[in-house]
Amino acid sequence: MHEETLLAPEICKFQREIRTIWVHSLVVGSGAAGLNAAIQLVRSGVTDVVIVTEGLDRGTSINAGSDKQTYYKLSLCGDQTDSPLALAETLFAAGSMHGDLALVEAAQSARAFFNLVNLGVRFPQDPYGQFPGYKTDHDPRQRATSVGPYTSQEMCRKLIAEVRRLGIPVFEGRSAVAMLALREGETRCACGIITLNEQGLFEAFLSENTIFAVGGPALLYEASVYPPAQTGGIGIALLAGAKAQNLPESQFGLAATVYRWNVSGTYMQVVPRFVSQGDGGELREFLQEYFPDPGQRASLVFLKGYQWPFDARKVPGGSSMVDILVYYESVVRGRSVYLDYRTNPNEFSFASLSAEARSYLERSGAFQETPLERLRHMNPAAIGVFSEHGIDLAKEPLRIAVCSQHNNGGLAANRWWESLNVKHLFPIGEVNGSHGVARPGGASLNAGQVGGFRAAEFIASSYRDWTVERSRALDEVFRSLAELCHYLTLSRESAISWQSDRAEFQRRMTAAGSHIRRTSQLQEATGEAWRQYQRIRTSGSGFAEKHEALESLRNLHLCFAHAVYLDAIRFALESGVGSRGSAIVVDPAGIRLHEKLPPDWAVVPENPQFRDLVLETIPAPEGYAEHRWVARRPIPKPDTWFETAWAAFGEGKIFEV
């Protein structure tokens, strides 16, 4: 790493000089995926590595629960048969996932898991050194494990300790505001980023390789369970023309809203009481209106524990009807919805539960009198999560909503996690769209760790040399800086504040792009989204104080991202994909959801033919996106004869793509 100070172009009225840092391999983001990538680069012999981050304590991995409390891997306990191919088939099963990516994530899962074990993450073992597992959603085997509600946080702490032990430089307090990319014929080649630091100054990080680990699109939705500190940066890659895939395939579910935390697992398995409150203050158990049988009602709530994500296959009549009814009660009827752990639901009895629910609670010794007592018995840390943030479940109900939680889609990359159309760019973690329509809970943590290994190995084997031309890279810095400064000049004069702009696209994204989707609404919302982006692009997003400049710059790439996402969702619905994954398409001509809901609440069935296709999206900063369906690649059946594999590995043929 070396740095220099350069004079900024004359058009930049915001600063006279720009600090420029040159580094061989740049890691943008410091969640579990980015941290592991930096570590694996150094272990692979690439020592010129830098991490740039908003803060080591800012990302989803170190702040979130639910999906981030479960780590998914190859089964490593007992006599249950498993193999990389069997795990790949599970990942591949839901549809729209490339088979080679599924096989890589499966084959590398044990390696990634044991790396964390060796770093000190205390995944539970039995007396014989086996690692017991449990079933998670979309998983036929007991492959999941956990260290409690803070699994990903503990992963980050151990990874941060290793980063520090290895002496990897970390630049905190930097927010990426533009991606630098050079044209190389028909493709682009990443060469770094522009950041804005906490002093409000631009800096340029120029690199041979850019590992992009900025997490999911956290700020796009109004109803979101992403930690408030997590912003997401996929928009700067989309503005640079990076290809994306499966953007419509997000994950939604029930979550607390005062302190953002998914209410999955034992939060549901103890069968709390669902109540709603109107302006008059009256409380009512609204699930009774739709499920008068108390045993059925309580059993559906129980199932939400490990069927937590909203799932189109589980409506009508399944556990995801609970999410529908929470949405209808809160959004349509305008009532606040809560979980109350202090008393049982009306007419609750253990005897009336389904055999599955009753057996689970019996084996767990969870026949205590109230939901809170059952929760304290099975998972006291779940109570602690809220008490640490001033919420006492023994004294007050917990407000909830159906929230955005994870994007299964993202940037498109090959089996070494390199972008399909921007060379030397490696999107890893949630920003990489390796998942399909659905995935087992916790598979995202595995995918992020595997991506770090893959990117580091490929860079170490194929991208060690420095090929970026200094003059061209600096020209790109000055061009990008001039655009950013021009945008900020417009923003200072804009009549619409960045707060209003952000609230507008967040409301639109939640209304049209969440788990309830309507074709006509999406068509209208997409047009509005592109118009807002064009206005922000040409007129700015207003700010008054210097420290607000970053929020204005964020709005540019966030608004562009939300328009690209909505456009992709619209295209998918118009293609006839139907209801799948964590979203349903509502249309009066569909299958009615429930006799107590209005007749127009009917769902369009999934068209299963699209499971064998992947939706690719190529965005353009001018304000449009192109979409196309491509056949998903099958799971490879490679020649695993040892002598052949040994020779190919020794000759470096495994890195050919």
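The values are calculated or read from the model by the stated rules, or taken from the named source; none is laboratory data. Because the structure is predicted, anything quoted here is derived from the model rather than measured. Neighbour counts are summed over all protein chains in view; Cβ atoms, including those assigned to glycine, are modelled from backbone coordinates with ideal geometry. These accessible areas exclude ligands, DNA and RNA; they are computed on the full protein's heavy atoms, side chains included. Shrake-Rupley method; radii C 1.70, N 1.55, O 1.52, S 1.80 Å.
Quick notes on this structure:
- The criterion of at least 3 residues that are free of Cβ contacts under 8 Å to residues at least 24 places away in the same chain is met by none of the helices (runs of 4 or more DSSP H) falling completely within segment 248-361.
- The strands (runs of 3 or more DSSP E) falling completely within segment 1-90 that include 1 or more residues that are modelled with pLDDT of 95 or more and open to solvent by less than 10 Å² (accessible area, probe 1.4 Å) map to 17-28, 49-52.
- Segment 575-584 - residue that is not β-branched (Val, Ile, Thr) and not in a strand (DSSP E or B) and, of those, farthest from PHE286 (Cα to Cα): SER575
- Pairs with Cβ under 9 Å, 6+ apart, first in segment 512-533 and free of Cβ contacts under 8 Å to residues at least 24 places away in the same chain, second in a helix (DSSP H, G or I) and basic (Lys, Arg): GLU528/ARG508
- Any hit, segment 401-423, residues being open to solvent by less than 10 Å² (accessible area, probe 1.4 Å), in a loop (DSSP other than H, G, I, E, B), closer than 30 Å to VAL385 by Cβ and touching a residue at least 60 places away in the same chain (Cβ under 8 Å): yes
- Restricting attention to segment 146-173, the residues that are modelled with pLDDT of 95 or more, touching a Gly at 6+ places or on another chain (Cβ under 9 Å) and not in a helix (DSSP H, G or I) total 2.
- Taken over segment 103-122, the criterion of being farther than 30 Å from ASN414 by Cβ and out of contact with any helix residue (DSSP H, G or I) (no Cβ under 6 Å at 6 or more places or on another chain) is satisfied by ARG122 alone.
- Meets criteria (at pLDDT 95 or above and within 22 Å of GLY409 (Cα to Cα)) for GLY578: yes
- Failed item in (1) closer than 26 Å to GLY384 by Cα; (2) at pLDDT 95 or above; (3) of a type in the set (Gly, Ala, Ser), with SER320 passing the rest: (1)
- Some residue of segment 462-480 being surrounded by fewer than 24 Cβ atoms within 10 Å (Cβ to Cβ), touching a helix residue (DSSP H, G or I) at 6+ places or on another chain (Cβ under 7 Å) and at pLDDT 95 or above: yes
- Pairs are defined by a Cβ separation below 6 Å, a sequence spacing of at least 6 or placement on different chains, a first member in segment 470-484 that is over 20 Å from ASN209 (Cβ atoms), and a second member that is of a type outside the set (A, V, I, L, M, F, W, C) and open to solvent by 20 Å² or more (accessible area, probe 1.4 Å); the pairs so defined are PHE478/PRO9; ALA482/PRO9.
- Residue check for TYR221: modelled with pLDDT under 95, among the aromatic types (Phe, Trp, Tyr) and either surrounded by fewer than 24 Cβ atoms within 10 Å (Cβ to Cβ) or assigned to a loop (DSSP other than H, G, I, E, B) (or both): no
- Just one residue in the set GLY448, GLY441, GLY436 is touching a helix residue (DSSP H, G or I) at 6+ places or on another chain (Cβ under 8 Å), assigned to a helix (DSSP H, G or I) and not polar (S, T, N, Q); that residue is GLY448.
- Selected residue (criterion: nearest to GLY34 (Cα to Cα)) from residues of segment 224-240 that are modelled with pLDDT of 95 or more and aliphatic (A, V, I, L, M): ILE234
- Residue list for segment 23-77, restricted to those being under 29 Å from GLY265 (Cβ atoms) and free of Cβ contacts under 8 Å to residues at least 60 places away in the same chain: LEU76
- Count - residues of segment 315-365 that are among the acidic types (Asp, Glu) and open to solvent by 30 Å² or more (accessible area, probe 1.4 Å): 3
Rundown of residues vs (1) open to solvent by less than 60 Å² (accessible area, probe 1.4 Å); (2) in contact with a Phe, Trp or Tyr (Cβ under 6 Å, 6 or more places away or on another chain); (3) over 13 Å from THR70 (Cβ atoms), yes/no style:
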position: ASN118; (1), (2), (3): no, no, yes
position: ASP126; (1), (2), (3): yes, no, yes
position: PRO132; (1), (2), (3): yes, no, yes
position: PRO140; (1), (2), (3): no, no, yes
position: SER146; (1), (2), (3): yes, no, no
position: ARG157; (1), (2), (3): no, no, yes
position: ILE160; (1), (2), (3): yes, no, yes
position: ARG174; (1), (2), (3): yes, no, yes
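- Hits in segment 528-548 - residues which are surrounded by 21 or more Cβ atoms within 10 Å (Cβ to Cβ), more than 16 Å from ALA512 (Cβ to Cβ) and out of contact with any Cys (no Cβ under 6 Å at 6 or more places or on another chain): GLY540, SER541, GLY542, PHE543
- Residues in segment 335-361 that are of a type in the set (Asp, Glu) and over 18 Å from GLU282 (Cα atoms): GLU347, GLU356.
- Residues of segment 501-530 classified as of a type in the set (S, T, N, Q) and under 15 Å from VAL402 (Cα atoms), total: 3
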